[in-house]
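The structure appears below as structure tokens.
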Amino acid sequence: MNQEHARRLNQQWDDKDAERDERERRARELFLEEHASQTFAPIEGFLTSLDKVLRAVGGSVEIDATWEHLGDRKLRRVAKVTFTEPKQQLHLDLIVQEATIFYHDTPYRFSHGIEALIFAITREVERFLKPE
């Protein structure tokens with residue numbers, strides 16, 4: 001009876017430890033997502049404006065609302081630029097780590113780098129819409 005009781009207590013402790021670890025992991029993720037959202041906000045604003053412009057010519061921009069956790073405090077967001085004539089899509093893969101956004105493995109540091117990133121995305125979208 002004592003061994004069974006000890007086994008149940010150990011199982012309860014293990015379960016409580018696992019629940020606590022999961023809560024702590026999720027709290028860390030939420031903290032990283034909040035920080036990444038602040039860093040990403042100027043790009044999100046730009047992409048929202050770009051969507052309004054592209055809608056006038058049969059295109060659109062869709063920004064994935066969820067953050068993908070990549071480890072090492074890196075989070076990914078993807079935006080899709082779609083153009084209907086001809087039907088084509090361009091994926092913008094953006095990775096945030098602390099105050100830096102990586103696009104095509106190039107780091108763009110907050111705040112002056114954001115302007116350069118907006119220019120890089122604009123150039124790529126223009127090439128996408130006007131293939132040579």
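Where in segment 37-106 are the strands (runs of 3 or more DSSP E), entirely inside, with at least 1 residues that are among the β-branched types (Val, Ile, Thr) and more than 14 Å from the chain's Cα centre (by Cα)?
Values: elements: 59-63, 68-71, 74-83, 88-97, 100-103.
Filter on segment 37-106 gives 59-63, 74-83.
Pick from Lys16, Lys87: which is exposed (fewer than 12 other Cβ atoms within 10 Å of the Cβ), among the basic types (Lys, Arg) and within 30 Å of Arg123 (Cβ to Cβ)? Spell out how you get there, then give the answer.
Numbers: Lys16 fails: within 30 Å of Arg123 (Cβ to Cβ).
Selected residue: Lys87, the only one of Lys16, Lys87 that is exposed (fewer than 12 other Cβ atoms within 10 Å of the Cβ), among the basic types (Lys, Arg) and within 30 Å of Arg123 (Cβ to Cβ).
Considering only segment 47-59, state which residues are surrounded by 13 or more Cβ atoms within 10 Å (Cβ to Cβ) and modelled with pLDDT of 95 or more. Give the derivation first.
So the first thing to find is which residues in segment 47-59 are surrounded by 13 or more Cβ atoms within 10 Å (Cβ to Cβ), and the list is 47, 50-51, 54, 59.
Passing the criteria: Leu47, Leu50, Asp51.
Name the pairs whose Cβ atoms lie under 7 Å apart, with the first residue in segment 25-37 and on the phi < 0 side of the Ramachandran plot, the second of a type in the set (Lys, Arg) and surrounded by 10 or more Cβ atoms within 10 Å (Cβ to Cβ), and 6 or more positions between them or separate chains?
Leu32/Arg73
Exactly one condition in (1) modelled with pLDDT under 95; (2) in contact with a helix residue (DSSP H, G or I) (Cβ under 9 Å, 6 or more places away or on another chain); (3) not in a helix (DSSP H, G or I) is not met by Val125; state its number.
(3)
May I ask you to say which residue of Glu44, Glu29, Glu22, Glu33 is of a type in the set (Asp, Glu), surrounded by 11 or more Cβ atoms within 10 Å (Cβ to Cβ) and farther than 17 Å from Val78 by Cα?
Sole residue among the options that is of a type in the set (Asp, Glu), surrounded by 11 or more Cβ atoms within 10 Å (Cβ to Cβ) and farther than 17 Å from Val78 by Cα: Glu29.
The values are calculated or read from the model by the stated rules, or taken from the named source; none is laboratory data. Because the structure is predicted, anything quoted here is derived from the model rather than measured. Neighbour counts run over all protein chains shown; Cβ positions are idealised from the backbone, glycine included.
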